[in-house]
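This report concerns only the one structure given below.
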Amino acid sequence: MSDKPADFAALKQDLKHRMDSTLDVLRKEFAGLRTGRAHVSLLDPVMVDAYGSSMPLNQVASVNVPEPRMLTVQVWDRTMAKAVEKAIRDCGLGLNPAGEGQTIRVPIPPLNEERRTELTKVAGKYAEHARVAIRNVRRDGMDQLKRMEKDGDISQDDHKKHGTEVQALTDDAIKTVDEALHHKEEEIMQV
């Protein structure tokens, strides 16, 4: 019986890792939301049609922030400059790049109130997707606990105790999502 708690410890570690991964994805999505300040991760969602396939911008160019409201994109292959410029313009971030040879300047316009409200809604959607993913991880954990009890690996009392721990992990992760959303909304609405 002494090896049975290790089964739950491994399960708990796996659930925590999966929830943490979901939080990392959420942070990356939030980083891509524009807040009126230039940041290199702003162009992370941009996909460029290059060499016959669609690839992330960071695989064909480097992005720099020379000033608070300006990004510069240094394209490595001069022939890709127009494709990169088009990809930035068409990515849905409301940016208007200006090409200068291999360098593309991307001014970050100030956000108006309507666009800020729109971005907070997008942030809310990202947060809700993260909450759903975390709840799915919890459901998987609870199902595994049921299976462990049914197979006789853990007792009914252990099932209940471990279920409470899984719920506590879930509550912590959801709280982190809510805090991140609140912080991002404040950042977006800040003029």
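The values are calculated or read from the model by the stated rules, or taken from the named source; none is laboratory data. What you see is a predicted model; the values in this text were computed from it and never measured. Ideal geometry is used to build each Cβ from the backbone, glycine not excepted, and the neighbour counts take in all protein chains shown. Protein only, heavy atoms only, side chains kept; ligands, DNA and RNA dropped before computing areas. Shrake-Rupley method; radii C 1.70, N 1.55, O 1.52, S 1.80 Å.
From Ala87, Ala10, grab the single residue that is among the small types (Gly, Ala, Ser) and under 30 Å from Asp140 (Cβ atoms).
Criteria check complete, one pass: Ala10.
Within region 80-92, is there a residue that is over 27 Å from Ala130 (Cβ atoms) and either in contact (Cβ under 8 Å) with a residue 40 or more places away in the chain or surrounded by fewer than 15 Cβ atoms within 10 Å (Cβ to Cβ) (or both)?
Initially, region 80-92 is screened for residues over 27 Å from Ala130 (Cβ atoms), giving 80-86, 89.
Applying the additional criterion that residues be either in contact (Cβ under 8 Å) with a residue 40 or more places away in the chain or surrounded by fewer than 15 Cβ atoms within 10 Å (Cβ to Cβ) (or both) yields 82, 86.
Within region 80-92, one or more residues are over 27 Å from Ala130 (Cβ atoms) and either in contact (Cβ under 8 Å) with a residue 40 or more places away in the chain or surrounded by fewer than 15 Cβ atoms within 10 Å (Cβ to Cβ) (or both).
Each row is one residue, and each column tells you yes or no for (1) open to solvent by 60 Å² or more (accessible area, probe 1.4 Å); (2) in a helix (DSSP H, G or I); (3) of a type in the set (A, V, I, L, M).
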| position | (1), (2), (3) |
| --- | --- |
| Ile134 | no, yes, yes |
| His162 | no, yes, no |
| Asp172 | yes, yes, no |
| His182 | yes, yes, no |
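Against the conditions (1) in the same structural domain as His159 (by the TED database); (2) part of a strand (DSSP E or B), where does Thr72 fall short? Just the number, please.
Among (1) in the same structural domain as His159 (by the TED database); (2) part of a strand (DSSP E or B), Thr72 violates only (1).
Being of a type in the set (Asp, Glu) and under 23 Å from the mean Cα position of the chain (by Cα) is true for just one of Glu100, Glu113, Glu85, Glu128. Which residue is that?
Values: Glu100 fails: under 23 Å from the mean Cα position of the chain (by Cα); Glu113 fails: under 23 Å from the mean Cα position of the chain (by Cα); Glu85 fails: under 23 Å from the mean Cα position of the chain (by Cα).
Among Glu100, Glu113, Glu85, Glu128, only Glu128 is of a type in the set (Asp, Glu) and under 23 Å from the mean Cα position of the chain (by Cα).
Is it true that Ile188 is assigned to a helix (DSSP H, G or I), in contact (Cβ under 8 Å) with a residue 60 or more places away in the chain and among the aliphatic types (A, V, I, L, M)?
Values: assigned to a helix (DSSP H, G or I): yes; in contact (Cβ under 8 Å) with a residue 60 or more places away in the chain: yes; among the aliphatic types (A, V, I, L, M): yes.
In short, yes.
Listed here are the residues, each with its yes/no results for (1) open to solvent by 70 Å² or more (accessible area, probe 1.4 Å); (2) touching a Pro at 6+ places or on another chain (Cβ under 9 Å); (3) of a type in the set (Phe, Trp, Tyr); (4) in a helix (DSSP H, G or I).
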{"residue": "Leu95", "(1), (2), (3), (4)": "no, yes, no, no"}
{"residue": "Leu111", "(1), (2), (3), (4)": "no, no, no, no"}
{"residue": "Thr120", "(1), (2), (3), (4)": "no, no, no, yes"}
{"residue": "Ala130", "(1), (2), (3), (4)": "no, no, no, yes"}
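So Glu165 ticks every box in (1) among the charged types (D, E, K, R); (2) free of Cβ contacts under 8 Å to residues at least 60 places away in the same chain; (3) within 19 Å of Asp7 (Cβ to Cβ) but one. Which box is left unticked?
It fails just one condition, (2).
Any residue that is without any contact (Cβ under 8 Å) to a residue 60 or more places away in the chain, in a strand (DSSP E or B) and not assigned by the TED database to the domain that holds Leu181 - is there at least one of those in region 25-48?
For region 25-48, residues without any contact (Cβ under 8 Å) to a residue 60 or more places away in the chain, in a strand (DSSP E or B) and not assigned by the TED database to the domain that holds Leu181: present.
Would region 83-92 turn up any residue that is assigned by the TED database to the domain that holds Ser53, among the hydrophobic types (A, V, I, L, M, F, W, C) and not in a helix (DSSP H, G or I)? Give the steps one after another, and end with the answer.
Taking region 83-92 and keeping what is assigned by the TED database to the domain that holds Ser53, we get 83-92.
With the extra rule that they be among the hydrophobic types (A, V, I, L, M, F, W, C), the set shrinks to 83-84, 87-88, 91.
Narrowing further to those that are not in a helix (DSSP H, G or I): 91.
Yes; the residues of region 83-92 include at least one that is assigned by the TED database to the domain that holds Ser53, among the hydrophobic types (A, V, I, L, M, F, W, C) and not in a helix (DSSP H, G or I).
Count, please, the residues in region 34-54 that happen to be more than 17 Å from the chain's Cα centre (by Cα) and crowded, with 16+ Cβ neighbours inside 10 Å. Explain how you work it out, then say what you get.
Of the residues in region 34-54, the ones more than 17 Å from the chain's Cα centre (by Cα) are 36-38, 48-54.
When the remaining residues are screened for being crowded, with 16+ Cβ neighbours inside 10 Å, the result is 36, 38, 48, 50.
The total comes to 4.
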